[in-house]
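The values are calculated or read from the model by the stated rules, or taken from the named source; none is laboratory data. In this text, all values refer to a predicted model and were calculated from it rather than measured experimentally. When the accessible area is computed, the model is the full protein with side chains, heavy atoms only, and any ligands, DNA or RNA have been set aside. Shrake-Rupley method; radii C 1.70, N 1.55, O 1.52, S 1.80 Å.
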Amino acid sequence: MDAVYGPLLRTDAARCAELEAMLFGGDDPWPESAFLRELAGPYGHYVAARVGETLVGYAGIFRLGRIPPFEYEIHTIGVDPEFQGRGIGRRMLTELLDVAGPHAVVHLEVRTDNEPAIALYKASGFTTVGLRKRYYRMSGADAYSMRRDAC
């Protein structure tokens, strides 16, 4: 069954927290309340991937600053492990980048050992611009800072 994409809803927050715990358990996963705060923010855009009635993926981007030209930051992308490898993360990333537009700079952080995500970001035009030591507080893991420049 193919995934259907649309907006992430407040009623999805508990499922997002459940997926976060599966995906990022050792790295301070976001609780339901963090998703509710993110969804309430005026400068964010969140997308959901659903298979049937089940939320299988979520992704969010935030606009930075108040005066154009705006930059953006991808806050999170997560896909249920049972549905990984099907292009769901790639599709959600594409939707986030469409929100930013081709002329916007987009930033993100990614764990240095998350090779599938790094490959996805590189294929989408991101380059590594820095290393953030011990970025993930609970595990102490490092993160790459990545950036997609404006076209």
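When the Cα convex hull of region 45-92 is projected onto planes of every orientation, the mean area is 3.8 nm². Distant-in-sequence amide contacts of residue 71, defined by a placed amide H-H separation under 5 Å and a gap of 5 or more residues or a different chain, comprise 64. Between residue 33 and residue 1, full extension at 0.36 nm per residue minus the direct alpha carbon distance yields a gain of 8.5 nm.
Our coupling estimate for region 98-104, obtained by passing each phi through the Karplus curve with A = 6.51, B = -1.76, C = 1.60 and θ = phi - 60°, is 5, 5, 5, x, x, 9, 9 Hz, Gly and Pro reported as x.
Across the chain, Cα pairs under 8 Å and at least six residues apart give a relative contact order of 19 percent. Amide H neighbours of residue 48 under 5 Å, counting only residues 5+ apart in sequence or on other chains, H built in-plane at 1.01 Å? Here the answer is 6, 8, since their amide H atoms fall under 5 Å of that of residue 48.
Of the residues 97, 19, 64, the one that moves most in a GNM of the chain with alpha-carbon contacts below 10 Å is 64. Per the Debye calculation on region 112-151 with a single equal scatterer at every Cα and no solvent contribution, log₁₀ I(q)/I(0) for q = 0.18, 0.27, 0.34, 0.35 Å⁻¹ amounts to -0.51, -0.91, -1.11, -1.13.
Only Cα pairs under 8 Å and at least 6 apart count here; give the relative contact order of region 6-62 as a rounded whole percent. Across region 6-62, relative contact order equals 36 percent. Accessible surface calculations at 1.4 Å, restricted to protein heavy atoms, place the chain at 55 Å² per residue. The length gained on full extension between residue 122 and residue 11, counted as 0.36 nm times the residue separation minus their Cα-Cα distance, comes to 36.7 nm.
All C-alpha pair distances within region 32-116, sorted into 10 Å bins from zero, spread as 16, 46, 32, 6, 0 percent across the bins.
Counting only Cα atoms, the size of the chain along its three principal axes is 37, 33, 29 Å, in decreasing order.
If you take the Cα centroid of region 72-151 and the Cα centroid of region 1-50, the two points sit 16 Å apart. Just the protein heavy atoms count here, and of the accessible area of the chain at 1.4 Å, carbon and sulfur take up 51 percent.
I need to check one value: relative contact order of region 62-151, counting alpha carbon pairs closer than 8 Å and at least 6 residues apart, in percent. Over region 62-151, the number comes to 27 percent.
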